[in-house]
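So the structure is just underneath, and the comments pick up after that.
The values are calculated or read from the model by the stated rules, or taken from the named source; none is laboratory data. The structure presented is a predicted model; accordingly, all values stated were derived computationally and were not measured. Virtual Cβ from ideal backbone geometry, glycine too; neighbours counted across all protein chains shown. Only protein heavy atoms, including side chains, enter the accessible area calculation; ligands, DNA and RNA are left aside. Shrake-Rupley method; radii C 1.70, N 1.55, O 1.52, S 1.80 Å.
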Amino acid sequence: MISPLRWRPALTTRSYPARGKTERRSMSTKDIVYIALFAAMTAALGLFPAFNLPVIGVPITAQSMGCMFAGAIAGAKRGALAMVLFDLLVAMGLPLLAGGRGGFGIFIGPSGGFILAWPLAALLIGWLYRRSLRSLTWVKELPIVALGGLGLIYSMGIPWIAAVAGISLKQAGVASLGFLPGDLVKVVLVVAIVRTVRRAWPTLE
């Protein structure tokens, strides 16, 4: 005979999630495809010939458009990760930069600040696009892409040039003005292409 003092009800194995906690969303196959796609696109843009600016030795290339496209189309997280992947592949020695350049030495050279800024630029552009997704116009998109694709990148790249080349910020800034005309054209091209793509392929969720 079982003593009533020793009897215990059977415990169920059903578990309940803790209050206030939500299930983490894992990276989907779609996310991985987007990350790989925009890293590859940035590498492909390196096939366009580069032109080196005098004094600072930083090449003018089409590859800075990669972070603009990544942020505006793939979104903040996926765009930033695509640029991180690209930078990692370059650091590993793959010749993905314009002119067939690659290797960790790139990041401690005069171009390093610009290239390291690409993930942050994509992140900022994607975040700003997300906030304005329902009311995007030329007037809104041009400043968004310019802020991330030019403002943020220049704010990191110019001090980096000054430190590496041993020149003043003013000298580095003046020397970098050679980038500006081409970069402004890139911003307009990116917005025109992104607007066309988004009409048929909305991607930000």
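So ILE35 clears everything in (1) at pLDDT below 95; (2) more than 21 Å from ILE158 (Cα to Cα); (3) β-branched (Val, Ile, Thr) except one condition, right? Which one?
All conditions pass for ILE35, except number (1).
Checking the condition polar (S, T, N, Q), modelled with pLDDT of 95 or more and more than 18 Å from SER155 (Cα to Cα), which residue from THR13, THR42 passes?
Values: THR13 fails: modelled with pLDDT of 95 or more.
Testing whether each residue is polar (S, T, N, Q), modelled with pLDDT of 95 or more and more than 18 Å from SER155 (Cα to Cα) leaves just THR42.
In the list ALA121, ALA117, ALA80, ALA74, which residue meets the criterion of being among the aliphatic types (A, V, I, L, M), in contact with a Ser or Thr (Cβ under 7 Å, 6 or more places away or on another chain), crowded, with 19+ Cβ neighbours inside 10 Å and at negative phi? Outline the logic, then answer.
Details: ALA121 fails: in contact with a Ser or Thr (Cβ under 7 Å, 6 or more places away or on another chain); ALA117 fails: in contact with a Ser or Thr (Cβ under 7 Å, 6 or more places away or on another chain); ALA80 fails: in contact with a Ser or Thr (Cβ under 7 Å, 6 or more places away or on another chain).
It is ALA74.
Yes/no matrix, rows are residues, columns are (1) in contact with a Gly (Cβ under 9 Å, 6 or more places away or on another chain); (2) surrounded by fewer than 13 Cβ atoms within 10 Å (Cβ to Cβ); (3) over 25 Å from TRP127 (Cβ atoms):
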{"residue": "VAL145", "(1), (2), (3)": "yes, no, no"}
{"residue": "GLY157", "(1), (2), (3)": "yes, no, no"}
{"residue": "ILE161", "(1), (2), (3)": "yes, no, yes"}
{"residue": "VAL164", "(1), (2), (3)": "yes, no, yes"}
{"residue": "SER168", "(1), (2), (3)": "no, yes, yes"}
{"residue": "PHE179", "(1), (2), (3)": "yes, no, no"}
{"residue": "ASP183", "(1), (2), (3)": "yes, no, no"}
{"residue": "VAL197", "(1), (2), (3)": "no, no, no"}
{"residue": "ALA200", "(1), (2), (3)": "no, yes, no"}
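Show the residue pairs meeting these rules: Cβ distance below 7 Å; 6+ apart or different chains; first residue within the stretch 189-205 and in a helix (DSSP H, G or I) and at pLDDT 80 or above; second residue open to solvent by 80 Å² or more (accessible area, probe 1.4 Å) and not hydroxyl-bearing (Ser, Thr, Tyr).
VAL191/TRP138
Which ones in the stretch 117-135 are touching a Gly at 6+ places or on another chain (Cβ under 9 Å) and hydrophobic (A, V, I, L, M, F, W, C)? Please lay out each step first, then the result.
Of the residues in the stretch 117-135, the ones touching a Gly at 6+ places or on another chain (Cβ under 9 Å) are 117-130.
Listed by number, the residues that qualify are ALA117, TRP118, LEU120, ALA121, ALA122, LEU123, LEU124, ILE125, TRP127, LEU128.
Here's the yes/no breakdown for (1) farther than 24 Å from ALA175 by Cα; (2) basic (Lys, Arg); (3) free of Cβ contacts under 8 Å to residues at least 40 places away in the same chain:
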{"position": "ILE32", "(1), (2), (3)": "yes, no, yes"}
{"position": "ILE60", "(1), (2), (3)": "no, no, no"}
{"position": "ARG78", "(1), (2), (3)": "yes, yes, no"}
{"position": "PHE86", "(1), (2), (3)": "yes, no, no"}
{"position": "ILE106", "(1), (2), (3)": "no, no, yes"}
{"position": "PRO143", "(1), (2), (3)": "no, no, yes"}
{"position": "ALA146", "(1), (2), (3)": "no, no, no"}
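Taking into account only those residues within the stretch 124-143 that are under 17 Å from PHE38 (Cβ atoms) and surrounded by fewer than 19 Cβ atoms within 10 Å (Cβ to Cβ), which is modelled with the lowest pLDDT?
ARG130
Against the definition (assigned to a loop (DSSP other than H, G, I, E, B), out of contact with any His (no Cβ under 6 Å at 6 or more places or on another chain), in contact (Cβ under 8 Å) with a residue 40 or more places away in the chain and not small (Gly, Ala, Ser)), how does PRO159 come out, yes or no? So that I can check it myself, show each step before the final result.
Details: assigned to a loop (DSSP other than H, G, I, E, B): no; out of contact with any His (no Cβ under 6 Å at 6 or more places or on another chain): yes; in contact (Cβ under 8 Å) with a residue 40 or more places away in the chain: yes; not small (Gly, Ala, Ser): yes.
It is false that PRO159 is assigned to a loop (DSSP other than H, G, I, E, B), out of contact with any His (no Cβ under 6 Å at 6 or more places or on another chain), in contact (Cβ under 8 Å) with a residue 40 or more places away in the chain and not small (Gly, Ala, Ser).
Can you tell me which residues in the stretch 83-114 are part of a helix (DSSP H, G or I), open to solvent by 10 Å² or more (accessible area, probe 1.4 Å) and not hydrophobic (A, V, I, L, M, F, W, C)?
At the first step, the residues of the stretch 83-114 found to be part of a helix (DSSP H, G or I) are 83-91, 104-108, 112-114.
Restricting the remaining residues to those that are open to solvent by 10 Å² or more (accessible area, probe 1.4 Å) gives 84-85, 87-89, 91, 104-108, 114.
Within the stretch 83-114, ASP87, GLY105 meet the criteria.
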